[in-house]
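This is the structure I have questions about; it appears just below.
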Amino acid sequence: MVKITFIEHSGVEHHVEEKPGLSVMEIAVKHSIPGIDADCGGACACATCHVYVDPAWMERVGGCGNLEESMLGFADTVAPTSRLGCQIQLTGQLDGLVVRLPKAQH
Amino acid sequence: MKSDELDALAEARQRANTIPLADINVCDLELWRNDTKLAYFDRLRREDPVHLHPPEHHRNGAFWSVTRFNDIVAVDTDHETFSSEPAITLDDPMEDFELPMFIAMDPPRHDLQRKIVQPIVSPSNLSTLEPLIRRRIETTLDELPIGETFDWVDRVSVELTAQMLATLFDFPFEDRRKLTFWSDAATAEPDSGMWDVERFDEQFAAVMTDCLTYFTGLWNERVNTEPKGDLISMLAHGEATRHMDPQEYLGNLILLIVGGNDTTRNTMSGSVLALHQNPDQHAKLVAAPSLIPSMVSETIRWQTPLAYMRRTATRDVELGGKSIRKGDKVAMWYLSGNRDETVIEHPNSFIVDRPRARHHMAFGFGIHRCLGNRLAELQLKILWEEILNRFPEINVVGLERVPSAFVNGYKTMHVEIPRRL
Ligand code: HEM
Ligand code: FES
């Protein structure tokens, strides 16, 4: 099992454990974490699974793909740590990952 | 449904399932007028999900119909292979009257222009607009007659969307129905009855030129005053847009007018119809108004007010085992994808508490995904909050559909509200 922490915009924390291999978005949906809409179901095509990766994890998570970068370009309140949750797979390497959620998915 | 409508549907299904595949023409306006198109899409999804139509099926020649949810996602997310230029409907732009707009542009131009108008629908701007939207909806609903038949399309759907656009543009409120007219004109098919078919090009250009003149007046007024939060002021003062050429300015205005008009309008009408046809779902909603956001998403899926978007292949490519050639036109039928039983359970049912109701494709996917989706959802949400506060039921007594394979909507919808709460 791998661990991940979601921190809502209000500061509420959710600590979740899952089998490795799901995306950050899929874990959020599976555990009903509020604040992730995931309208396209993981196709990198809606940008409603926007998360901020904790700076300490940025290097291990890595950068965006091309389409991801374009999609993020149209999201609201984007920061250098922004990623689309459906494009990050939670592997053993990311055990303990911390992500924050934006005020709204837009 | 009335029994004659059911007969027509049974007959259409029979026909849809028996005619040769090659004879299925989903652009035949008759299927849209009498609402039998879904039977044909069911057949295509089942038997030929990436289907080539012969040139006789559309005045602009041959095209492909992509009808399955996942194939549509594949096309929508590959904007390098499937370009939005030169047009996002099967009609090519007129040679002597082009309206450049970012919905029909590829990156990088698309991205730059989209980013300029985006702030108008930012979450913070939407919360600023919300009280005004609510007040206007309240007034409109309070003026509706009780116990007599009226046209919901005209009195509510068209009215509210016209008001909304007038607000976004800070457009003279008393002239707001001009916006409706321009929107209708921009999307009406040559043979829709709005135009003299022989003189379509000329008449179309004349209407668009009127629109252009009007908005140029507003631009000139805004450019000489302090910047404000309305869209025209934003464009007139924006670093990247203030030198836009007039035709491009107008192209983008038309995009926002059409985008914010037909779509939301037909969802508003569609919501009344869907809840009227499904009294159990209406009862569920009345019992739990917290279902409104989910009902709104479900209505947008169920209605899919823009039936398709077109792309043009920039290279030879395989899709669903078919060879699409460079230059071919590809219609992504969102209306069909939203009824794809392999992705959406019981797709033909209207379910106000559907799990994951937001997972539909009516707003498109990828870089052109609807800019106004949150605004549309907000308007629909407020509309239903205020309807539930006032009217125990709204009965649909008759309707007429828009004869278009692009705008899936209602020309009129006669309703009766028996009483207030
Ligand atoms: C239920 C209501 C609505 C539906 C179903 C809808 C549907 C769509 C669809 C399917 C697209 C994708 C176009 C493509 O992929 O080629 C789109 C784009 C767009 N919509 Fe909407 N729309 C709605 C409401 C609105 C509203 C209220 C506005 C404006 C205020 C708006 C403005 C736009 C714009 C500007 C685009 C172009 C985006 C781009 O090319 O990047 N829409 N819409
Ligand atoms: S779920 Fe749509 S982009 Fe991630």
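The values are calculated or read from the model by the stated rules, or taken from the named source; none is laboratory data. Everything numeric here is computed off the predicted structure, so don't read it as measured data. We place every Cβ from the backbone using ideal geometry, glycine too, and count neighbours over all the protein chains shown. Quick note on the areas: whole protein, heavy atoms, side chains included, nothing else; ligands and nucleic acids left out. Shrake-Rupley method; radii C 1.70, N 1.55, O 1.52, S 1.80 Å.
Need one word for region A:2-100: rounded, prolate or oblate. Basis is the Cα gyration tensor (sqrt eigenvalues a ≥ b ≥ c); a/c below 1.5 gives rounded, then a/b vs b/c decides.
rounded
I'd like the accessible area for B:M194, computed on protein heavy atoms only with a 1.4 Å probe and all protein chains in place. Round to 10 Å², please.
70 Å²
Another question, if that's okay. What does the helix-only formula give at 222 nm for the protein assembly as shown: each DSSP H stretch with n ≥ 4 adding -39500 (n - 2.57), the total divided by the residues, and the result rounded to the nearest 500 deg cm²/dmol?
-12500 deg cm²/dmol
Say the cut-off is 32 Å between C-alpha atoms; which of B:K115/B:K178; A:K30/B:K326; B:K178/B:K381; A:K19/B:K115; A:K103/B:K411 go over it? If you can, show how the numbers build up before the last one.
Numbers: B:K115/B:K178 27 Å; A:K30/B:K326 41 Å; B:K178/B:K381 26 Å; A:K19/B:K115 38 Å; A:K103/B:K411 39 Å.
In this structure, A:K30/B:K326; A:K19/B:K115; A:K103/B:K411 lie more than 32 Å apart at Cα.
Around B:F350, which amide H atoms from residues at least 5 apart in sequence, or from another chain, sit under 5 Å from its own amide H, with H modelled in the peptide plane?
Sorted by chain and number, the residues that satisfy this come to none at all.
Taking θ = phi - 60°, what integer Hz values does the Karplus form 6.51 cos²θ - 1.76 cosθ + 1.60 yield along region B:129-138, in sequence order, with x for Gly and Pro?
Per residue, the Karplus-derived 3J(HN,Hα) values read 6, 3, x, 5, 4, 5, 4, 5, 5, 4 Hz.
Additional query: With every protein chain kept in the model, how would you rank A:K19, B:K37 by accessible area, 1.4 Å probe, largest at the top?
Listed by decreasing accessible area, they come as A:K19, B:K37.
Now for a separate question. I need the Kirkwood Rh of region B:295-358: take the reciprocal of the average 1/r across all distinct C-alpha pairs and report it in angstrom.
Details: mean 1/r = 0.0743 Å⁻¹.
One decimal place: 13.5 Å for the Kirkwood radius.
Translational diffusion coefficient, Stokes-Einstein: compute it for region B:3-416 using the Kirkwood radius over C-alpha pairs as Rh, at 10 °C and 1.306 mPa s, and state it as an integer in µm² s⁻¹.
The Stokes-Einstein estimate is 72 µm²/s.
³J(HN,Hα) across region B:366-375 via Karplus (A = 6.51, B = -1.76, C = 1.60, θ = phi - 60°), whole Hz, x for Gly/Pro?
In residue order, the calculated couplings are x, 5, 9, 3, 3, 6, x, 4, 5, 5 Hz.
While we're here: Which whole-angstrom value gives the distance between the alpha carbon centres of region B:363-408 and region B:20-45?
24 Å
If you don't mind, another one. Give me the residues in region B:360-399 whose solvent-accessible area, probe 1.4 Å, is reduced by at least 20 Å² once all protein chains are included instead of the chain isolated.
Going by heavy-atom accessible area, the residues of region B:360-399 that drop by at least 20 Å² are B:F365, B:G366, B:I367, B:R369, B:R374.
Here is a further query. Checking buried surface per residue: for region A:66-106, which residues lose a minimum of 50 Å² accessible area in the protein assembly relative to the chain alone (1.4 Å probe)?
At a threshold of 50 Å² (probe 1.4 Å), the residues of region A:66-106 that become less exposed are A:L67, A:F74, A:H106.
Next question, about the same structure. Quote the FRET efficiency, to the nearest 0.05, computed for B:N389 versus B:H346 with a Förster distance R0 of 30 Å and r equal to the Cβ-Cβ distance. Please report the intermediate quantities before stating the final value.
Details: r = 30 Å, r/R0 = 1.00.
Efficiency at R0 = 30 Å is approximately 0.50.
Could you tell me the relative contact order of region A:2-100? Use alpha-carbon pairs under 8 Å, at least six residues apart, and round to a whole percent.
Relative contact order for region A:2-100 comes out at 42 percent.
Semi-axes, largest first, in whole Å: what does sqrt of 5 times each Cα gyration tensor eigenvalue give for the protein assembly as shown? Spell out each step's value before the answer.
Details: eigenvalues 226, 159, 151 Å².
Over the Cα atoms of the protein assembly as shown, the semi-axes work out to 34, 28, 28 Å.
B:D191 versus B:Q14, label points 7 Å from Cα toward the beta carbon: distance in nm?
Those two pseudo-labels are separated by 2.6 nm.
Could you derive backbone 3J(HN,Hα) for region B:383-396 from the dihedral phi with the Karplus parameters 6.51, -1.76 and 1.60 (θ = phi - 60°), listing whole Hz in sequence and x where the residue is Gly or Pro?
Running phi through 6.51 cos²θ - 1.76 cosθ + 1.60 with θ = phi - 60° gives 3, 6, 4, 6, 5, 5, 6, 10, 10, x, 7, 10, 9, 8 Hz.
Return the Cα extents of region B:116-207 along principal axes one, two and three, sorted largest first, each rounded to a whole Å.
46, 46, 20
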